[in-house]
There are 2 protein chains.
Amino acid sequence: MARVVVDVMLKPEILDPQGQAVQRALPRLGFEGISDVRQGKRFELEVDGPVDEAALARIHDLAESFLANTVIENFTVRIEEVAEAAK
Amino acid sequence: MARVVVDVMLKPEILDPQGQAVQRALPRLGFEGISDVRQGKRFELEVDGPVDEAALARIHDLAESFLANTVIENFTVRIEEVAEAAK
């Protein structure tokens, strides 16, 4: 069992009102020195069996056709180790 | 200028209806072999100046108090290289 992470972010040229709202709120909350915030989506897919080239290609197709709107969003696909630091 | 990424995911014991909806739709769309999907949020923060221990600690506080609801969500903070593969 492996975990594949798909990150979907708005393209840089697309306005991100959610991120802007966060960024504008930060100084009020006492956090200075952050010049930009972008908010996107993160999908964690648990894949049965090995994650080989073919499986990654399939997940790339899936992300392109279904998880991201490629007109306005970029996405990245990567394998993640499942030993994560939960906080 | 450095980029810090904050990933916010629902805790494993919290139901994730968005992720479940994606997971249930996948076989219909021709994607088999994915046993679970969780959907979360990804924040990209552009930080002015160097990202040292103190800055990371500050961003950790920010994420804890403001970006994540720690009753139901886990979060991770990490520095990301800004050379990213846009697709």
**Q.** Sum of side-chain charges, residue A:1 neighbourhood, beta-carbon under 10 Å (Lys, Arg +1; Asp, Glu -1)
**A.** -2
Q. Shortest first, in nm, what separates the label point of residue A:21 from those of the same position in the other copies (7 Å along Cα→Cβ)?
A. 1.8
Q: Answer rounded, prolate or oblate for chain A, using the Cα gyration tensor with square roots of eigenvalues a ≥ b ≥ c: rounded when a/c is under 1.5, else prolate when a/b is larger than b/c, else oblate.
A: oblate
Q. Which whole-Hz couplings ³J(HN,Hα) result when phi for each residue of the stretch A:39-55 is put into the Karplus expression 6.51 cos²θ - 1.76 cosθ + 1.60, θ = phi - 60°, listed in order with x for Gly and Pro?
A. 10, x, 10, 10, 10, 10, 10, 8, 9, 6, x, x, 9, 9, 3, 5, 5
Q) So which trypsin sites (Lys or Arg not before Pro) in the stretch B:1-71 pass both tests, a DSSP loop state and at most 12 other Cβ atoms within 10 Å of the Cβ? A) none
(Q) Name the residue from A:59, A:40, A:77 whose Cα lies farthest towards the positive end of the charge dipole of chain A, charges +1 on Cβ of Lys and Arg and -1 on Cβ of Asp and Glu. (A) A:40
Q. Based on DSSP H runs of at least 4 residues, each adding -39500 (n - 2.57), what is the mean residue ellipticity at 222 nm of chain B after dividing by all its residues, to the nearest 500 deg cm²/dmol?
A. -7500 deg cm²/dmol
Q: Mind giving me the nanometre distance, one decimal, between the label points for residue A:21 and residue B:29, set 7 Å out from Cα along Cα→Cβ?
A: 2.5
Q) Hey, what do the phi angles of the stretch A:56-71 turn into as Karplus ³J(HN,Hα) couplings, whole Hz, using 6.51/-1.76/1.60 and θ = phi - 60°, x for Gly and Pro? A) 5, 5, 5, 5, 4, 4, 4, 5, 5, 8, 9, 8, 10, 9, 6, 5
Q) DSSP loop GluC sites (Glu not before Pro) in the stretch B:19-54 with at most 12 other Cβ atoms within 10 Å of their Cβ, which ones? A) B:32
Q | log₁₀ of I(q)/I(0) at q = 0.08, 0.11 Å⁻¹ - the protein assembly as shown, Debye sum with one point per alpha carbon | A | -0.25, -0.48
Q.
Around residue B:14, under 13 Å between beta carbons, what's the net of Lys plus Arg minus Asp minus Glu among the other residues?
A. -1
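All of the numbers you see were taken from the coordinates with simple rules; none came from a lab. Worth saying up front: this structure is predicted, and the values here are computed from it rather than measured. Note: ideal-geometry Cβ built from the backbone for every residue, glycine included; neighbour counts use all protein chains shown.
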